[in-house]
Amino acid sequence: MSIYQIIRIGDPVLREKAAKVPKITPNILKLLDNMADTMYNAGGVGLAAPQIGISKRVIFLDTGDGPLELINPEIKFVTKEIEVGVEGCLSLPGVQAEVERAVGVKVHALNREGKHVELEARKLLARALQHEIDHLNGILISDKALRVWNEIDPEDG
Ligand code: CO
């Protein structure tokens, strides 16, 4: 397992539409492990494969309830109810952005065993899922922020 350098805004890989994973191979499992190491090392709650330079539809999240590995995640349903919240992104160090998101989502994906999984999430996890799935479509928080500001000390975030 390895810790990767997190790619920052300005690199074109963050703007690509990431490719669907046709098959769960040992390389995809290794990718998931490396994403976990990289994300925990950086202190984030979510990471998308393009953020370590791999333009594949793979995300890793942990909003406090343990690791969540999703391959080819798709948002199937969003609540009409929306909420504005403050988000950061490991690819935009020091930046905080107010972003409007659906309060709840339903997501379909594959897990590392290649099994189809369906999950319903609300609040923080729903927000994190929308944020990470945006990454797979080349979208960053700075694109949809209602308000953006820089922290005084980027090391805090
Ligand atoms: Co991000």
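Laid out as a table, the results:
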quantity	calculated
Single residue of V84, V103 found to be in contact (Cβ under 8 Å) with a residue 40 or more places away in the chain and of a type outside the set (K, R)	V84
Region 60-112, subset hydroxyl-bearing (S, T, Y) and under 14 Å from the mean Cα position of the chain (by Cα), residue surrounded by the fewest Cβ atoms within 10 Å (Cβ to Cβ)	T63
Any hit, region 24-36, residues being assigned to a loop (DSSP other than H, G, I, E, B) and farther than 16 Å from E132 by Cβ	yes
Set I71, I133: member being under 20 Å from P22 (Cβ atoms) and assigned to a helix (DSSP H, G or I)	I133
Candidate set: region 79-103, residues that are part of a loop (DSSP other than H, G, I, E, B) and closer than 28 Å to Q5 by Cα; chosen: the one farthest from the ligand (Cβ to nearest atom)	G94
Selected residue (only one of P12, P26 is surrounded by fewer than 15 Cβ atoms within 10 Å (Cβ to Cβ), under 20 Å from G138 (Cα atoms) and away from the ligand (no atom under 14 Å from the Cβ))	P12
Enumeration of residues in region 124-157 that are of a type in the set (V, I, T) and either within 14 Å of the ligand (Cβ to nearest atom) or at pLDDT 90 or above (or both)	I133, I139, I141, V148
Positions within region 113-129 being in a helix (DSSP H, G or I), surrounded by fewer than 22 Cβ atoms within 10 Å (Cβ to Cβ) and without any contact (Cβ under 8 Å) to a residue 60 or more places away in the chain, in sequence order	K123
Filter result for the condition that a residue is over 19 Å from R15 (Cα atoms), touching an Asp or Glu at 6+ places or on another chain (Cβ under 6 Å), outside any loop (DSSP other than H, G, I, E, B) and away from the ligand (no atom under 12 Å from the Cβ), over K76, K106	K106
Any hit, region 109-122, residues being within 13 Å of the ligand (Cβ to nearest atom) and in contact with a helix residue (DSSP H, G or I) (Cβ under 8 Å, 6 or more places away or on another chain)	no
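The values are calculated or read from the model by the stated rules, or taken from the named source; none is laboratory data. Small disclaimer: the values here were computed from a predicted structure and weren't measured. Don't worry about glycine lacking a Cβ; one is built from the backbone with ideal geometry, like all the others, and counts go over all protein chains shown.
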